[in-house]
Every structure is written in C-alpha cells, then in structure tokens.
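Accompanying notes for the structure given below.
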Amino acid sequence: MASTLTSENVHDAWSALAEEVRTAVLLTMRAGRPFGSHVPYVFGSDWTRAYLHLSRLALHTQHLLADPQVSLFIAEPDGPEKNPLALRRINLQGEATILSPDTPLYNGIKARYLERFPQAEMIFGFGDFALWELRLDDAHFVLGFGQAFISNAATHLRWVHQKVDRLSPQKS
C-alpha cells in the first residue's frame, strides 16, 4: 500500500504525538540486554534531539554512563475504543550524553522542560540530576496500518514510506 502522505504531513503527525504524549519509554543497555524506563521528555527543534532530566541514582542513568546507546519509544495511549495494533508510535535510536550547564542551549532546554513539567523545578536543584541530550539518528514512525515511515538524521525532514519486501522462497 503506497502512502499519499507527504513528509510535511508525517512531520505534523509525529509532532502532534510528541506534544500529546508527555512520557516515553527509554531503552538502555543493561549487561547487553534492553532495559526500559518511563521518562518525561522534551524535543529540540526536530526529532533528532530529545532531552531528559535524569537522576544519577536511577538504573537507566547508570546504564547510559556505561553504554550511551539508547532508544526512545513514544506511543499513543490505548483505550477500549481503539485498535491497539493501529496506535500511533515512534521509535527513535541514537546515543545519549550529559548536557553541560555551560552549553549555550542549556538554559533554553531547561526552560522548555520546566514549561512542560513545572513540578520538576525543585529537582533541578538536586545535585544528582542532570539534563541529558539524546542525539537520535534513526526514526521509525507508525501512523496506523500500512502507514509506517522511516527517516534518518541526515535527511530528518524527509519521511519515506516503509516498504515491506515479501519474503520469497529461498532456492537450495
């Protein structure tokens, strides 16, 4: 099934999902296996940068310090009236790094984070918390059945409809 959606339509759809859903599943590596945590987030100007405010005491932070590989998964909430297989969802992959308070964009990111999560203001004063920047390289966005799109950081404004190749029988 070919998609009639433009890259702009897909951009608007992932932006709407990211605005509606305030928490994501952060997947880190724990002894070579994926480990999921529920985290609040804000995005930069596009999907290639996301920001998390994490405690050094949390397991996911310990994992990031050992291995910066990360995936961030955001999904539309399920409900009895919805088909769970058709929920909007985006899976992003990349690497995480601590955002230094000396970085010029730190104060702007902090302000955006606090605008979205005002209850977090107090914990910005805690010494074990830091802002982390997720530098995301690849995206897989599903809008519903037959509406899956991929993008990468090099061409982040371009969303390509995912084509599923039919597996053909292998000849011996």
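Quick one: helix 7-20 against the long Cα principal axis of the chain, what's the angle to the nearest 10°, folded into 0 to 90? The helix 7-20 is inclined about 50 degrees to the chain. The mean sequence distance of close C-alpha pairs (under 8 Å, at least 6 residues apart), as a share of the length of the chain, puts its relative contact order at 25 percent. Only one residue of 34, 156, 101 has its Cα farthest out toward the positive end of the dipole of the range 7-161, where Lys and Arg carry +1 and Asp and Glu -1 on Cβ, and that residue is 34. Of the residues 77, 52, 124, the one whose Cα sits farthest toward the positive end of the charge dipole of the chain, with +1 on the Cβ of Lys and Arg and -1 on the Cβ of Asp and Glu, is 77.
Rounded to the nearest 0.05, the FRET efficiency derived from the C-beta distance between residue 30 and residue 123 at R0 = 25 Å is 0.55. Kindly state, to the nearest 0.05, the FRET efficiency for residue 107 paired with residue 65, given R0 = 25 Å and r defined as their beta-carbon distance. Plugging the Cβ-Cβ distance into 1/(1 + (r/R0)^6) gives 0.55. Over the range 87-143, calculate the relative contact order: mean separation of alpha carbon pairs under 8 Å at least 6 apart, over the residue count, as a percent. Here the relative contact order equals 67 percent. Helix 106-116 and the longest principal axis of the Cα set of the chain meet at an angle near 70°. For the chain, a crude dipole built from +1 on the beta carbon of Lys and Arg and -1 on the beta carbon of Asp and Glu, taken about the Cα centre, is about 480 debye to the nearest 20.
Readers should treat all values here as calculations from the given coordinates under stated rules, not as data from a laboratory. Just so it is clear, the structure is predicted and the values come from calculations on it, not from any experiment. Neighbour counts run over all protein chains shown; Cβ positions are idealised from the backbone, glycine included.
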